[in-house]
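In what follows, a structure is listed as structure tokens, so that the remarks can point back to it.
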Amino acid sequence: MIKRILAETLQKNVGKNKALILLGARQTGKTTLLKDIFSSRNNVNWLNGDEPDTLAMFSDANSTHLRSMLAGYDTLVVDEAQRIKNVGLKFKLITDQIPDIQLIASGSSAFDLANLVNEPLTGRKLEYHLYPISFKEMVIHHGQLEESRLLSHRLIFGYYPEVVTAKGNEKEILHQLSDSYLFKDILMWERIKKPDKLIKLLQALAFQIGSESRTMNWAGW
């Protein structure tokens, strides 16, 4: 497994009376990272905001209900937390009324979670962003020589975890990611219309950033 540098930071801040909020685009490895850190621990309550019973659990929750729900646990991990209605206020109740519980939540930074928790959890949270795998993380994983040899390959296909680990299927995985997750999220955000125009814009940006003339201009600037 490719170790993420952010894991050490998250582990150091467990138990410091702050909610830990993990933000990042879809498929950057947020759930995998949290499982790597917390799956071996006892007394962890795992919830997923994509599941209807989790949404129902939080729908009319008050401090008494939440305290009963979390009895016997010392850690609460909520994945896809942005799906929960009034999630910021619910998390505020947990941090204020049940201080013995370590709250960890993950969600998309491009969508609701960052905005929903900012005001209610002011002074009550530590916020982190997880990006696709970095060059440094891959160097740690299998050495600088090996990763340097793969640099031209990475420049084409990028560092999304599933792409990095799907040797030989990178192009197919990228198509799936863009069609199923990235474009879908962008089009949902503020109800953006005309997806064909958006795709053409992204293609133009990619060609401009990757063009030889632009590379030379930047090098000489």
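Structural remarks
- With eigenvalues of the C-alpha gyration tensor scaled by 5 and rooted, region 81-130, Å: 17, 12, 10
- For region 90-99, 3J(HN,Hα) per residue [Karplus equation, 6.51 cos²θ - 1.76 cosθ + 1.60, θ = phi - 60°, Hz, x = Gly/Pro]: 5, 5, 5, 4, 5, 5, 7, 9, 10, x
- Note on Rg and Dmax of the Cα atoms in Å: of the candidates (i) 19.0, 66; (ii) 20.1, 64; (iii) 16.8, 50, the value calculated from this structure sits at (ii).
- Given charges at beta-carbon only (K, R positive; D, E negative), |dipole| of region 6-129 in Debye: 260
- Cα extents for region 6-129 along the principal axes, largest to smallest and rounded to whole angstrom: 34, 30, 28.
- Set of lysines near Lys167 by C-alpha distance (under 30 Å), chain-local residues within fewer than 8 positions excluded: Lys3, Lys30, Lys35, Lys136, Lys184, Lys200
- Cβ-based charge dipole, the chain, positive-most Cα from Val14, Leu205, Ser68: Leu205
- The sum of -39500 (n - 2.57) across all DSSP H runs of n ≥ 4, divided by the residue count of the chain, sets its helix-only mean residue ellipticity at 222 nm to -14000 deg cm²/dmol.
- Highest mobility in the GNM of the chain, judged by mean-square fluctuation with C-alpha springs under 10 Å and restricted to Gln203, Gln102, Gln27, is found for Gln203.
- The eigenvalues of the Cα gyration tensor, multiplied by 5 and square-rooted, give region 76-186 an equivalent ellipsoid with semi-axes of 35, 18, 10 Å from largest to smallest.
- In a reduced charge model with +1 at each Lys and Arg Cβ and -1 at each Asp and Glu Cβ, the chain shows a dipole moment near 400 debye about its Cα centre.
- Net charge of the neighbourhood of Leu10, taken over other residues with C-beta under 15 Å away and scored Lys/Arg +1, Asp/Glu -1, is +4.
Every read-out reported here was derived from the displayed coordinates using simple, explicitly stated rules and does not represent laboratory data. None of the values given here were measured: they were computed from a predicted structure. Because the Cβ atoms are built from the backbone with ideal geometry, glycine has one as well, and the counts that use them run over all protein chains shown.
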